[in-house]
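To start, the structure itself, in structure tokens.
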Amino acid sequence: MAETKGKFDFAIDRGGTFTDVFARLPDGRERVLKLLSRDPQNYKDAPTEGIRRVLEEVRPVDTSSIGWIRMGTTVATNALLEREGERTALLVTKGFKDLLHIGTQARPKLFDLEVAMPDVLYEEVIEVDERVVLNTGDSLEVWQELDLECVEKDLRGVLSRGITSLAVLLLHSYTWCDHEKAVGALARSLGFTQVSLSSEVMPMVRVVPRGYTVCADAYLTPKIRQYLKGFTSGFEGGLKEVDVLFMQSDGGLTPMDQFCGSRAILSGPAGGVVGYAITSYSQMEKMPVIGFDMGGTSTDVSRYAGQYEHVFEATTAGVTLQAPQLDINTVAAGGGSRLFFRSGMFVVGPESAGAHPGPACYRKGGPLTVTDANLALGRLLPSFFPKIFGPGENEPLSSEETMKHFRHLTQEINLSLISNQSQMSVEDVAMGFIHVANEAMCRPIRALTQAKGHDTSQHALACFGGAGGQHACAIARALGMKTVFIHNDIRIHVQHVWYSGVLSAYGLALADVVEEVQEPCSLQYEQRCFDELDRRVEQLSKRCHDTLGARGFDRSVTTEVFLHLRYKGTDCALMVTAAGSPSDAQSCRAGDFRSAFTKRYLKEFGFTIPDRAIMVDDIRVRGCGISGIKSVYKTKMGSGHAKPVTTTKCYFDDGYLDTSVYLWEELPCGHNIQGPAIIIDKNSTILVEPCCEARLTEGGDVCITVGSDPHCALGTELNTVQLSIFSHRFMSIADGQSSPKDLHLHQHQGTPRLLLCRVRTRRRPRVQRTSHTCSPGRHARDCPAPGRGSCSGVCFMGQPPSRPHSHHTRQSVFLSEPPSVLCSQQRAPCRHRWHDSRVHAPTLHLPSAGGRCVFFSFKLVTGGVFQEEAVTEALMAPAQYPDCSGTRNLHDNLSDLRAQVAANQRGSQLVGELIDSYGLAVVQAYMGYIQSNAELAVRDMLRDFARRRRQQTGSLEVESEDFMDDGTPIRLRVQINEEEGSAVFDFTRTGTEVWGNCNAPRAITLSALIYCLRCMVGQDIPLNQGCLAPIKVIIPPGSILQPSQDAAVVGGNVLTSQRVVDVIFRAFEVCAASQGCMNNISFGSESTGYYETVAGGAGAGPGWNGRSGVHSHMTNTRITDPEILEKRYPVILEQFSLRPGSGGAGSHCGGDGVIRKLLFRNKVILSVLTERRSICPYGLQGGEDGAAGLNLLHRANGRVLNLGAKASISLHPGDMFCLYTPGGGGYGREEEANRRPRSKLRRLNETFLERGSVFEYRMAQEGV
């Protein structure tokens, strides 16, 4: 198939702005061209026009002369971003009509009070009364048969309203699809033009991501077909005799008639990844490559080390897709990222100037951006740019406009500097923003590599973005990389043809045709199951061979087998290939997957579980038909030396330096260019920094060797630019420490959970932390470390009940280092929280002191040895108390603790590397400065509020109160000092300590306070103890907010904290109350235990409606997927939907709570710990209150009981617990505005830009 001699072959990348065409002519020559993707005045379709132009250059248009056409397109991506897909209906199992609205119940941005989330893709929902459930051993039972007559009636109604695309999502259809197939056949017979079945689109467990995926498929596939119809109609015969292939999100090609929406999202960028992978990676050197594609709005980062790295679940434009995708990580940083100076810190993005108005230098009134900073430093030369700017699009770039904006910003910055800081020049400011932008783009690269156990410095940087060439050297140097390849707008040289800017199209020509098949599996990876595994692998492999053989491939087909493996009882499954692990007598025929799995698990998580069974969740076979052209570079050595066309002045850290300017098209291959230098192509600019050397390779790439930067010692005095850089570096440590080690944790959500990293200073306990609502308060000062002297190689675990976060299921792990290394103290620099629901204690609502597994201070690791025997004894100790047992899952507890120890060690290593780079004194100094910066941001916010308050009322004092369900008041009085930007938060009149567990240690109040301050600041600031520096907090001892040493406190953390937030926001009149409860539900027996928190309604505010079915304020926990819940626990989820009308009315309405019904199949003890069952969430500014929650128990005999807010009760098979969570309060009087929903986001990539595994790590981390 790859050999099509005598014919034309085309590879086409249709992007959002330009379409790149690579063509191989019948005589072996190549032709490339670039044209606008949309130019309706000249042609209807860009790919068709590109093919026509190439053909007409040689002969009249005749499709018989075309061998193949390969395309990548952003049609699906743009339709998703613009919400311009097909009108779609969703057919779902009864009781789950709102399942995809609720999703994981986590909000995307932790501190945004307006919970902005994209709309669902469907217009209507049809609930089908059918039900399949799982029994022991994954056997299936049909509880409710499908009634096709009722389904037909509903489908006809949808058709009559003009909806012809249908997504079908039935529970457990991944393993039993008969009902879905019956619905699909009926829908097609009725006239639906697109029917997508979740069991066909992606047969993997977890109904929520599978539901998003099938909806995306139904929503986008018709748009793709419309595009394909238009494309093929431009050719005589509709290209029926031409092999037309499209790039999928996984980097493989597929026939046009099988190209579907769910696998087309990354069709555009995938070609670029294939292109850089093949042209940059050397099979000889085997140095892994980081792909760096920097555009105007965002930057894409990916990795290639001989194999494409895939993810099987990723979020794009707010929609989570469960399908194989290249792991392309998108971050909100690019040439158009805006520049800000906020509270003493340089900030780059995430806001973007966009294409219109664009940067200030575009002459359209735009803001300062990274592009302007490069222009101000002389790194962009307007004389080499086309005159396409200004209102008439006929003017050059404006250096004057850029410098005017920078002079104004520089003046603002200098006014804010303290007396001992040197004044900054315009160039200093612009250079500072470049440094901060570079560090922001380094962060995802570090996370992408370190999160998987790779050394970032042992990579090459492959740059193929239009703006990336200006930053590549600096980013590589910051990451310790020695080599940079510049790819975007490169001229790939094949057979004497230069391909400018067509790397993605060239990658399409090099790509393989791929056929993937996958099916679920519930086998254990062991000897007795190998025959069944081999049989199923053989069947799937045969399907791949047969399909590719029918497409013209024979001997050129290769297959690769993947098994989706996890340790039994854990939730982190890895898609593993046995490449490099050949089969033996102890493995299946496809390879030694046990060895491959344990090696990868050890690398990513730092340990293995040798005695634990390995489960196979899915079997996947990827077949590849080798096709395309070979990447063969012809040598074209130039004579003479490279000659600059001019010399300019560029600003670097050492000031202005003479910089030679070269035209790329005039550079000879094989000659070196010493930095500083600028290489200019018609579409890109490459900066070769000092101490770097560039050369043009035989293939036309620019290869830059990055030298060491002359060491410029950084002092301990405050440098505003370095303050911003250190903020990113500290955050990188927090990110890099947590993500890889905690993914496996055996938590109740059924999804990966990431815990917290803490970095401490000598004077203050908090410097930088990952975004999380739980307390960042003064923990270290409260938790004693046993003994004195050196603590090297020691980990402690502990937290007494009167300290932060203390209840019977939560502990913290500390890593201690020698006093002289990090902090000049023995308190730990790194810390992780541990939350486990399986240590069995008395019921949650009782204040009993017995039966708890509490570690006041416990030496977990000593001398580098994990104290397993002592930990085991402690975890089993509760069994000595009546009605209590030890931990139910000791092995899991021990594994979790080992993971936290490993994460702490990694964090310590990263802090040590930072100290090695800058010195201990500098790191300690900037730890203090980071806290001071957070303090400044809070003071600015308080001054602004005080000014507005004084103008409105003449008073600088506010107060509020709210009540717990038992009537206990929480009262707050705030006195603000406008001049100092400080405040006193006085809780003096708050109620006393209660008999029960809703007492909250002081740090819980501080946790709620710091969360509220961060929300009210309204911008991204370093979240640390400095936020509380301007605040004096008065809490009366013996109150519910500062209880005695022996008080029960579990409810204080999960319930009372929410009420403290409500009181603070009410005092400042920020927004109406959200549900004010985490709805803690747990059940268990001697052999199993489960715990969840459940969403409710969010409060409305000035300008927004509250979100329905979402977690709010002090929690953001993801909920277990319904299929995982039923697969692993003796329960059936009967209903999980919104609770209509529970949100408060107003000019902006509160969000609705949810209804969740659990039907129990075994005898268990149910514990309910909730609030807002008596006191409703308040409305604000005339808005109505949200509805209170309700907990009902329906006994199997028909008896119905109201359990109240807090209860523990024995349940029997057939009993059903019904949870009705509170709604959010409304804002403003209803008559002041029409009750209508907010207009949907016009361009979702402006709000939901980020994607990829790094983004998913962070979202999981915030969802602890």
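Observations, loosely collected:
- Close pairs (6 angstrom Cβ cut-off, 6 or more residues apart or separate chains): farther than 10 Å from Gly453 by Cβ in region 589-608, among the basic types (Lys, Arg) anywhere: Phe607/Arg898
- Subset tally (residues that are open to solvent by 30 Å² or more (accessible area, probe 1.4 Å) and among the β-branched types (Val, Ile, Thr)) for region 289-335: 1
- Matching residues, region 532-588, being without any contact (Cβ under 8 Å) to a residue 24 or more places away in the chain and part of a loop (DSSP other than H, G, I, E, B): Asp554, Arg555, Ala578, Gly580, Ser581, Pro582, Ser583, Asp584, Ala585
- All of Gly1225, Gly1143 fail the test of being under 27 Å from Cys998 (Cα atoms), open to solvent by less than 10 Å² (accessible area, probe 1.4 Å), small (Gly, Ala, Ser) and in contact with a Gly (Cβ under 7 Å, 6 or more places away or on another chain), apart from Gly1225.
- Hey, Asp617 farther than 25 Å from Asp250 by Cα, touching a residue at least 60 places away in the same chain (Cβ under 8 Å), surrounded by fewer than 20 Cβ atoms within 10 Å (Cβ to Cβ) and not hydrophobic (A, V, I, L, M, F, W, C) or not: no
- Taken across region 1112-1128, residues that are modelled with pLDDT under 90, under 20 Å from Ile1165 (Cβ atoms) and open to solvent by 10 Å² or more (accessible area, probe 1.4 Å) do occur, with at least one present.
- When we screen Gly991, Gly967, Gly954 for residues that are over 39 Å from the mean Cα position of the chain (by Cα) and at pLDDT below 90, the only hit is Gly954.
- Residue satisfying condition, being at pLDDT 80 or above, over 27 Å from Ser724 (Cβ atoms) and in contact with a Ser or Thr (Cβ under 6 Å, 6 or more places away or on another chain), within set Leu875, Leu936: Leu875
- Screening region 619-709 for strands (runs of 3 or more DSSP E) wholly inside it with 2 or more residues that are at pLDDT 90 or above and farther than 30 Å from Lys7 by Cβ returns the ranges 646-652, 655-663, 677-680, 685-688, 692-696, 702-706.
- Flag if Pro396 is without any contact (Cβ under 8 Å) to a residue 24 or more places away in the chain and touching a Leu at 6+ places or on another chain (Cβ under 7 Å): no
- Residue check: Gly907 meets all listed conditions (1) open to solvent by 10 Å² or more (accessible area, probe 1.4 Å); (2) of a type outside the set (A, V, I, L, M); (3) under 27 Å from the mean Cα position of the chain (by Cα) but one, namely (1).
- Among (1) out of contact with any helix residue (DSSP H, G or I) (no Cβ under 8 Å at 6 or more places or on another chain); (2) over 28 Å from Lys1127 (Cα atoms); (3) surrounded by fewer than 18 Cβ atoms within 10 Å (Cβ to Cβ), the one test that Gly1151 misses: (3)
- Count of region 12-29 residues which are more than 38 Å from the chain's Cα centre (by Cα) and at pLDDT 75 or above: 4
- Qualifying residue in region 376-383 (condition: in contact with a Gly (Cβ under 8 Å, 6 or more places away or on another chain) and modelled with pLDDT under 90): no
- When region 684-709 is filtered for residues that are surrounded by fewer than 16 Cβ atoms within 10 Å (Cβ to Cβ) and within 19 Å of Tyr506 (Cβ to Cβ), only Glu698 remains.
- Leading residue by the ranking (nearest to the chain's Cα centre (by Cα)) among those in region 1145-1187 that are of a type in the set (A, V, I, L, M, F, W, C) and under 22 Å from Leu99 (Cα atoms): Val1154
- Selection within region 862-907 - assigned to a loop (DSSP other than H, G, I, E, B), touching a Gly at 6+ places or on another chain (Cβ under 8 Å) and touching a residue at least 40 places away in the same chain (Cβ under 8 Å): Gly863, Gly864, Asp883, Cys884, Arg888, Asn889
- Check on Arg947, closer than 29 Å to Cys1077 by Cα and out of contact with any helix residue (DSSP H, G or I) (no Cβ under 6 Å at 6 or more places or on another chain): no
- Residue among Leu667, Leu723 that is under 30 Å from Gly919 (Cβ atoms) and open to solvent by less than 50 Å² (accessible area, probe 1.4 Å): Leu723
- Residue satisfying condition, being modelled with pLDDT of 90 or more and either under 30 Å from Pro610 (Cα atoms) or not hydrophobic (A, V, I, L, M, F, W, C) (or both), within set Arg898, Arg906, Arg973: Arg973
- Residues that are open to solvent by 30 Å² or more (accessible area, probe 1.4 Å) and either part of a loop (DSSP other than H, G, I, E, B) or aromatic (Phe, Trp, Tyr) (or both) within region 452-479 comprise Lys452, Gly453, His454, Asp455, Gly466, listed in sequence order.
- Evaluation of Ser917 against the conditions (1) in a helix (DSSP H, G or I); (2) hydroxyl-bearing (Ser, Thr, Tyr); (3) in contact (Cβ under 8 Å) with a residue 24 or more places away in the chain shows that the sole unmet condition is (3).
- Count of region 359-386 residues which are open to solvent by 50 Å² or more (accessible area, probe 1.4 Å), out of contact with any strand residue (DSSP E or B) (no Cβ under 6 Å at 6 or more places or on another chain) and assigned to a loop (DSSP other than H, G, I, E, B): 4
- Cβ pairs under 9 Å, 6+ apart, first in region 1172-1186 and without any contact (Cβ under 8 Å) to a residue 60 or more places away in the chain and farther than 19 Å from Ala1095 by Cβ, second surrounded by fewer than 21 Cβ atoms within 10 Å (Cβ to Cβ) and among the basic types (Lys, Arg): Gly1182/Arg1229
The values are calculated or read from the model by the stated rules, or taken from the named source; none is laboratory data. Note that the coordinates shown come from a computational prediction; the quantities given were computed from them, not determined experimentally. A quick note on method: Cβ atoms are made from the backbone with ideal geometry, for glycine too, and the neighbour counts reach across all protein chains shown. Please note that ligands, DNA and RNA were not included when accessible areas were found on the heavy atoms of the full protein model with its side chains. Shrake-Rupley method; radii C 1.70, N 1.55, O 1.52, S 1.80 Å.
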